[in-house]
Amino acid sequence: SLRETLRKRGVRVLTGLGSYFRQVDKNRNGFLSQAAFKEALKVFHLEVPGGDFESLWLALDGSKSDKVDYGEFTRAVFGEMNEYRKAFVRKVSFAYMKLDFNKTGSVPMIDISKCYCAK
């Protein structure tokens, strides 16, 4: 199954899919159409037979919006994060927001060096 394949191939494929999803998300709305999602699976050699794809799509598109977001996809494959991981993500997100002074979505090294000393 797709879930077993992804678990075997692990984080590398999942992060690669995340990058790919962001590239093909031309509207920057966080969602992919069914055709774009199907293409992403092909690119990463995660082909799913037709009937199985329809079942997968129905499971991912619970809101029947004819689109799916990356968060829904990862939750469907790997399940929800445990409380420890959720707390860690919140801490990292908070730290990143403090570093991203200009709210640009990227942090230059000069800004990091203002807040963090590696000594």
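Quick grid of which residues meet (1) outside the structural domain of residue 34 (by the TED database); (2) surrounded by 10 or more Cβ atoms within 10 Å (Cβ to Cβ); (3) farther than 24 Å from residue 29 by Cα; (4) in contact with a Phe, Trp or Tyr (Cβ under 8 Å, 6 or more places away or on another chain):
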| position | (1), (2), (3), (4) |
| --- | --- |
| 67 | no, yes, no, yes |
| 87 | yes, yes, yes, no |
| 90 | yes, yes, no, no |
| 103 | yes, no, no, no |
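If I go through region 34-65 residue by residue, how many of them are surrounded by 10 or more Cβ atoms within 10 Å (Cβ to Cβ) and either in a helix (DSSP H, G or I) or touching a Lys or Arg at 6+ places or on another chain (Cβ under 6 Å) (or both)?
Counting residues in region 34-65 that are surrounded by 10 or more Cβ atoms within 10 Å (Cβ to Cβ) and either in a helix (DSSP H, G or I) or touching a Lys or Arg at 6+ places or on another chain (Cβ under 6 Å) (or both) gives 18.
Mind listing whichever residues of region 24-33 are among the charged types (D, E, K, R) and surrounded by 12 or more Cβ atoms within 10 Å (Cβ to Cβ)? Full working, then the answer.
Of region 24-33, the ones among the charged types (D, E, K, R) are 25-26, 28.
Hit for region 24-33 is 25, nothing else.
Table: residues versus (1) modelled with pLDDT of 80 or more; (2) open to solvent by 100 Å² or more (accessible area, probe 1.4 Å); (3) not in a helix (DSSP H, G or I).
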| position | (1), (2), (3) |
| --- | --- |
| 75 | no, yes, no |
| 96 | no, no, no |
| 106 | no, no, yes |
| 111 | no, no, no |
| 119 | no, yes, yes |
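The values are calculated or read from the model by the stated rules, or taken from the named source; none is laboratory data. If you're wondering where the values come from, they're calculated on a predicted model, not measured in any experiment. We place every Cβ from the backbone using ideal geometry, glycine too, and count neighbours over all the protein chains shown. What goes into the accessible areas is simple: the full protein's heavy atoms, side chains included, and nothing from ligands, DNA or RNA. Shrake-Rupley method; radii C 1.70, N 1.55, O 1.52, S 1.80 Å.
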